[in-house]
Amino acid sequence: GTKTEVQNEETKKALVKAAVTASEYGSVVHSETISDETSKTEITWTVYDSGKLVIEGTGVTPDWSPWFGYKEKITDVIIGDGITALGERNFINYPTLKTVTVKGSLSKIGNSAFEGCKKLKNIKIKSKKLTLKKVGKSAFKSINKKAKITVPKSKKKSYKKILVKRGLSKKAKIK
């Protein structure tokens, strides 16, 4: 095919990919990429009209909240496989945050990452790499007292200790 036909094919593929993403999470409200060569970070965060914040790419989120402008809208956070650390105060006092899904390779959660998220009731952690030293002070302080945390079976006992030491209510269910 001609150069134009090839470009049209690429555009179609990109549009199809965008449509698939849009149908899964809703429509994109805002998307931004953060790059930092020192920490080998290349992450993209996207806020959808459904209230979902999806963080994808590789590396660490900064020690602040780049998505702060959407604090009142974010209800669900999905942390992709390549994210290795969440920075400090990433979601402190987010009033509408209800669910957090942490995929595979997260090994560090910063101080006060989810502190004060009173509606945060559901957390799924698939990573097996968290340790007490790597989960910051007050990371889960003052989240919903009846929160349900789903963790890898092999880590249930150790994660329960870690999460309670980092502020999780003893009433919370870890399964």
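A few remarks follow.
- Helix 3-25 and the long axis of the chain differ in direction by around 30°, with both axes built from C-alpha atoms.
- Taking the chain and dividing mean pair separation by its residue count, relative contact order in percent (alpha carbons under 8 Å, at least six apart): 13 percent
- Given Lys73/Lys128; Lys103/Lys155; Lys153/Lys173; Lys121/Lys161, the pairs whose alpha carbons are separated by over 23 Å: Lys73/Lys128
- Estimated purely from DSSP H runs of n ≥ 4, each contributing -39500 (n - 2.57), the mean residue ellipticity at 222 nm for the chain is -6500 deg cm²/dmol once divided by its residues.
- Within the shell defined by Cβ-Cβ distances under 13 Å, the residues around Ser138 carry a net charge of +3, with Lys and Arg each +1 and Asp and Glu each -1.
- Net charge of Cβ neighbours under 14 Å - reference Ser35; Lys, Arg +1; Asp, Glu -1: -4
- Accessible area per residue for the chain, computed on protein heavy atoms with a 1.4 Å probe, is 58 Å².
- Of (1) 53; (2) 77; (3) 61, the label for percent of Cα pairs over 20 Å apart derived from the coordinates: (1)
- Among beta bridges that DSSP assigns inside region 28-175, antiparallel share in %, nearest 5: 40 percent
The values are calculated or read from the model by the stated rules, or taken from the named source; none is laboratory data. A quick note: this is a predicted structure, and the numbers were derived from the prediction, not measured. With ideal geometry, Cβ positions are generated from the backbone for all residues, glycine too; neighbour counts draw on all protein chains shown. Accessible surface areas use protein heavy atoms only, side chains included; no ligands, DNA or RNA. Shrake-Rupley method; radii C 1.70, N 1.55, O 1.52, S 1.80 Å.
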